[in-house]
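Report on the following structure.
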Amino acid sequence: QLQASGGGLVQPGGSLRLSCAASGSIFSINAMAWHRQAPGKQRELVALITSGGGTNYADSVKGRFAISRDNAKKTVYLQMNSLKPEDTAVYYCRVVTTISTAYWGQGTLVTVSS
């Protein structure tokens, strides 16, 4: 129901743009977010965007990542710039509806390495 794409291998300092599209069966989307899970670590919130466009970022990505959404396409994006090796992780999108139902995407791997 959530299809994430855009991951891959990038060198330190490079950029990637992740996308996550919600299927037609998901309605009344409220917040949209990206999480990530690095090997051996817990999943953490990277960025969130509300239905009104308000955003929140993890301290570790502030100034480097930007979350945005296209409500007509039911898609959330994560523009990642100045990538660091510590950004290496599987990135998951999450969508929460207005009745607090949460959906998770399948994850897309981002590897930052020279």
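The values are calculated or read from the model by the stated rules, or taken from the named source; none is laboratory data. Computed from a predicted structure; not experimentally measured. Here the Cβ positions follow ideal geometry from the backbone for every residue, glycine too, while neighbour counts run over all protein chains shown. These area figures cover heavy atoms from the full protein model, side chains too; ligands, DNA and RNA do not enter into them. Shrake-Rupley method; radii C 1.70, N 1.55, O 1.52, S 1.80 Å.
Taking label positions 7 Å along the Cα-Cβ direction at both N71 and T55, the computed distance is 1.8 nm, reported to one decimal.
Label-to-label distance for S19 and I99 is 3.0 nm, based on points extended 7 Å past Cα in the beta-carbon direction. Could you work out what % of the accessible surface of the chain is carbon and sulfur, using a 1.4 angstrom probe and leaving DNA, RNA and ligands out of the count? Carbon and sulfur together cover 49 percent of it. Surface exposure of the chain, expressed per residue as accessible area with a 1.4 Å probe, stands at 51 Å².
Magnitude of the charge dipole for the range 1-80, about its Cα centre and with charges confined to Cβ atoms of Lys, Arg (+1) and Asp, Glu (-1), is about 60 debye. Loop-located trypsin sites (Lys or Arg not before Pro) in the range 8-72 (DSSP state other than H, G, I, E, B) with a sparse environment of at most 11 neighbouring Cβ atoms within 10 Å: K41, K62. Debye-formula intensities of the range 1-55, expressed as log10 I(q)/I(0) at q = 0.31 Å⁻¹, are -1.25 (one equal scatterer per alpha-carbon, no solvent).
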